[in-house]
Structure formats: C-alpha cells, structure tokens
Amino acid sequence: MTHGPRGIAAALLVLALAGCATTVTPPAPPPAPPPAASAAPPPIIVDGTDFRLSGTIEQGGLAMGAIPPGTLTLLFEGKPIPFADDGRFLIAFDRDQRTSVTLEARTADGRILRRTLAVAPRSWQIESLPTLPRGTTPTREFLARRKLELEQIGAARAIASDSIGWRQHFIWPVTGRISGVFGSQRIYAGEPGAYHAGVDIARPAGTEIVAPADGVVILAAAAPFTLEGNLLMIDHGMGLNSAFLHLSRIDVTVGQVVRQGQHLGLVGMTGRATGPHLHWAVKWRDARIDPAPLAGPMAQ
C-alpha cells in the first residue's frame, strides 16, 4: 500500500467522489397533466318557437313580437336587438329584404329558440325611361356639402331615446293626395335610380304637420339640406325613427319630447322638390320601411 503524498491525494479524491455520488438527487418527474375539462354540452336548438308576432311580415313591413320566457339575448339575422322590460320588441324588413329571415332567442338554460320567417315579396311601381339619362355628375362642392349632411343624419340616427312611441298605432302627419308611394323606382336608359324611400303627401305650403307618434327630436336642420331641404327627424324608440322632408318651417328643437298629434312644422318645397309636399320616411335601424301601413287608411 502506498502511503506517499500521491497515494493520500488519490484516496482523498476517491472518498470525495464517493461522497458526491451519494448526495446527487435524481430529477423530479414531470407533473401529471390536469384532468381534461369536460366539454360543454351543445345547446338545445328548438325550431318553430312562437314569438307572438303581429304586423306585416313583408318587404317594407314592420312587426312587433314578444320574447319567450327566460330569454337573455334576442337576435335578428344574427344581430342582437333590444327588447323592453315586458318582453316586447320590433323587427322590420327593408324594401329589398330577401324572403327568409331568422329570429332567435337564447335562454338562461342554454337553449336556442329559433323561428324562420317567410317575408312576403311586394310588387313595386317601376317606371322605365329608356331615353332619359340618370342625371348629371355631381360637383365637388356638392359632394363635400353632402358628406357633412349625411354625417349629421347618421349621428342623429345613432341617438337611442327611451321613447315608447314605437308601441303606438301611428297617425298620418298630414292628410292629402298621395303623390309618391314607397318603393317606386325609375329606370334611366337601363340604369336603375334610387327607389323612393318614403311616402309623399301633396299639400299647399304652410299646411301644418303633426307627430305621427310620441318621440324625441333628434335632428332639426338649422339650414336646408341639399336634397331634403328643411329636415326634421324624430326617434320613436327601439330603433324606430321618422324623417320629414322639404318643410317650409320647423317649430320644434333637438332634444324636445313630442306627443302624438303635436304640431311639428309646416309643409314646404325646400331642397330637391318640384312642388309643395311632405315626404315622410320611416326607418327601423338600417331597414327602410313603408310608412303607409303604419298609419293605415287615410281619413280625408
């Protein structure tokens, strides 16, 4: 046995290595993966649900309904729409609405209650003018001014009041000869013009117009618009609003609450008009609808 310095060093190295080997801790095993979360059960879809709809389910029409019990969210064509505390709501159909739409309620217990509605088509008054061009090219000045006017109209329509005028049976804002019907359209040398998005009632300038239903004034033009002239707009609540064009005078102000039958202003021919008349237009959200069925037969 060697007892020199080299032997002693070697022995000490062996002991040191042996001591290190006994203190090495093996790596911990990886943690077990958490148990897989159970997939949420698919929603129960119930077709043919009764939303108790009343009104005209046709192009240019408006209908009122009631949500099924337990509804949390109501969707029309996939977009959320509001409903009142008592469950009543509105839906409307644009002049060019396709013939099938979907109404859907999602409930607290995970059900989807769905109804597909058949929207009846309507025949529109179409006038063909094969030799008449559609119109002149608008000037840069007109386009700049029109952009500002459309921004005002868009901002007004974005206002949502708590009016309950939408629940009322509408009345005519003025009575007289119908000189223009909703949905009519001219075809200029094969090119379709914009369709008529309201109803025209011909009356002498200065004839009084009244509110067709309760509402809140959301626009009262300070100066005549290029096309609409003196323009007045009223929000009836739940996304429904009225516009009154070509007035000679506006006698209400923005933010004012008006009641059905209340004086609003006077018939005129401001803007793009060939004679004195009231153009009454109604929209629900983005859908342009026919005002005539809302007011019913006109008492002369």
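Numbers for the structure displayed
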{"quantity": "Among (1) under 21 Å from Leu264 (Cα atoms); (2) open to solvent by 50 Å² or more (accessible area, probe 1.4 Å), the one test that Arg186 misses", "calculated": "(1)"}
{"quantity": "Segment 54-73, residues that are open to solvent by less than 40 Å² (accessible area, probe 1.4 Å), of a type in the set (A, V, I, L, M, F, W, C) and part of a loop (DSSP other than H, G, I, E, B)", "calculated": "Ile67"}
{"quantity": "Residue within segment 206-226 that is open to solvent by 40 Å² or more (accessible area, probe 1.4 Å), in a loop (DSSP other than H, G, I, E, B), under 22 Å from Ala292 (Cβ atoms) and not small (Gly, Ala, Ser) present", "calculated": "no"}
{"quantity": "Pick from segment 127-148, criterion assigned to a helix (DSSP H, G or I) and in contact (Cβ under 8 Å) with a residue 40 or more places away in the chain, ranking: least open to solvent (accessible area, probe 1.4 Å)", "calculated": "Arg146"}
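The values are calculated or read from the model by the stated rules, or taken from the named source; none is laboratory data. Being a predicted model, the structure only gives us computed values, none of them experimental. Quick reminder, even Gly has a Cβ in these numbers, built from the backbone with ideal geometry, and neighbours come from all protein chains shown. SASA here: full protein model, heavy atoms, side chains in, ligands and nucleic acids out. Shrake-Rupley method; radii C 1.70, N 1.55, O 1.52, S 1.80 Å.
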